[in-house]
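Read-outs throughout are calculated quantities, based only on the coordinates presented, and are distinct from any laboratory measurement. Not measured: the values here are computed from a predicted model. Cβ placement follows ideal geometry from the backbone for every residue including glycine, while neighbour counts extend to all protein chains displayed.
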Amino acid sequence: MENQGNVIRRDDKPWVKTYEKLGIQYDIDMPPANTSLIDILEQNFVTHAGRTAFVCMDVKLSYEDLDRYSKQIAAYLQSLGLQKGDKVAVMMPNILQLPVAVLGVLRAGMTLVNVNPLYTTKELEHQLKDSDTKVLFILENFAKTYQDIGKDLVDHVVITSMGDLMSPLKGFIVNAVVRHVKKLVPDYKVNGSVNFKKALNKLSVKNYKRPTNIGLDDVAVLQYTGGTTGVAKGAMLTHGNLVANLIQCDTYLGDAFDKFQERNEQPVIMTALPLYHIFSFTVCGMYGLYRGCIGLLVPNPRDGASLIKAYKDYPPAFFPAVNTLFNALA
């Protein structure tokens, strides 16, 4: 059967037969148009309040804490006078502060800009300019990259340290090792920057005002391409795009995760792929929250010893990755 204009008819999709053989639903039902990604995820913050949402370096973050912290970050962003859809960038590896910041941005009604922390100064400058980012959340290890741009491209910079969401003692030790033993934090000076913990604790949950005008057609994430054919370009991902992705993932994986739920078990998702990449962001991060899983965060997947230790300490039920990572573990 021929295509008619830009409409591709179902009969022109031979892969549908594979879906049918596997018993997988081809069509998905979307929620009402006034639904946001946050609407979909928030119910799990209550349902799984006492359970672990993420674990990193043996430090656990519960769904209850994730709910509270992300609301506090959202309240902080709202206090800056930002408007719906303003861009907020997050430049971190897989650490506990990342999901807190990401959800804070989305809960504030703003648009998230995922940034690769390994970007050069030139690459970072392009992305911040192109996206018109207003606020940057950044791990101190990479703050000098922003400083070296030589001008204030964003209105507000929030700088976090590796140990910010750990206990005071462990956080002190981790920060000391990162800064003074491994020397992973080059000297930097970013005028007017705010410490992540101060931003987190500036306002309470009571100050948070939940947006009521966010729907499927609003842009949730500005996801930049790898730049293999020129400069990186921002792809506009709506709340509807990401909600559809979650439903699509669940069409494939839902039966398996249902079995864990029936046994009252909480599956672990190995999150070694960086969450600033859309594959990991969707399948490990957002789908893990959608299913009430534990996200096992690995800050540096190239550190094979730490990755294997995390794998043994928290055996994953689901390990999304790419061939290069699997080959490295072989």
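For Lys309, the lysines whose Cα falls under 19 Å of its own Cα, not counting residues fewer than eight places away in the same chain, are Lys60, Lys170.
What does the highest-first list of 74-87, 283-296 look like by mean Cβ count within 10 Å? Please report the intermediate quantities before stating the final value.
Details: 74-87: 17.9, 283-296: 24.1.
Ranking, from highest mean packing down: 283-296, 74-87.
The ellipsoid that matches the Cα gyration tensor of segment 17-85 has semi-axes, each √(5λ) in whole angstrom, of 32, 21, 11, with the longest given first.
Which aspartates and glutamates, on any chain, are close to Lys259 with Cα under 15 Å apart, when same-chain ones fewer than 8 places away are left out? Answer for Lys259, where 15 Å is the Cα cut-off: Asp250, listed by chain and number. If only the Cβ of Lys and Arg carry +1 and only the Cβ of Asp and Glu carry -1, the dipole of segment 175-306 around its Cα centre is close to 920 debye.
Helical content of the chain, expressed as a calculated mean residue ellipticity at 222 nm, amounts to -11000 deg cm²/dmol (DSSP H runs of 4 or more residues, -39,500 (n - 2.57) each, divided by residue number, nearest 500). The peptide list 44-54, 315-325, put in order of mean Cβ contacts within 10 Å with the highest first, becomes 44-54, 315-325.
In the chain, the DSSP beta bridges split such that about 30 percent are antiparallel, to the nearest 5.
Computed log10 I(q)/I(0) for segment 91-206 at 0.09, 0.20 Å⁻¹: -0.24, -1.20, from the Debye equation with unit scatterers placed on every C-alpha and solvent omitted.
With respect to the cross-link table entries Lys134/Lys198; Lys144/Lys202; Lys198/Lys312; Lys134/Lys206; Lys84/Lys197, which display a Cα-Cα separation exceeding 29 Å?
On the way: Lys134/Lys198 18 Å; Lys144/Lys202 25 Å; Lys198/Lys312 35 Å; Lys134/Lys206 24 Å; Lys84/Lys197 24 Å.
Checking Cα-Cα distances, Lys198/Lys312 exceed 29 Å.
Rounded, prolate or oblate: which fits segment 88-149, taking a ≥ b ≥ c as square roots of the Cα gyration tensor eigenvalues, rounded meaning a/c under 1.5, else prolate when a/b beats b/c? Show your work: numbers first, answer last.
Working: a/c = 2.37, a/b = 1.32, b/c = 1.79.
Judged from the Cα gyration tensor, segment 88-149 comes out oblate (a/c at least 1.5, b/c at or above a/b).
For segment 240-298, a simple Cβ point-charge model (Lys and Arg +1, Asp and Glu -1, everything else neutral) yields a dipole of about 140 debye relative to the Cα centre.
If packing is taken as the mean number of other Cβ atoms within 10 Å per residue, what is the order of 196-206, 269-279, 112-122, highest first?
Numbers: 196-206: 15.8, 269-279: 22.4, 112-122: 18.7.
Ranking the peptides 196-206, 269-279, 112-122 by packing returns 269-279, 112-122, 196-206.
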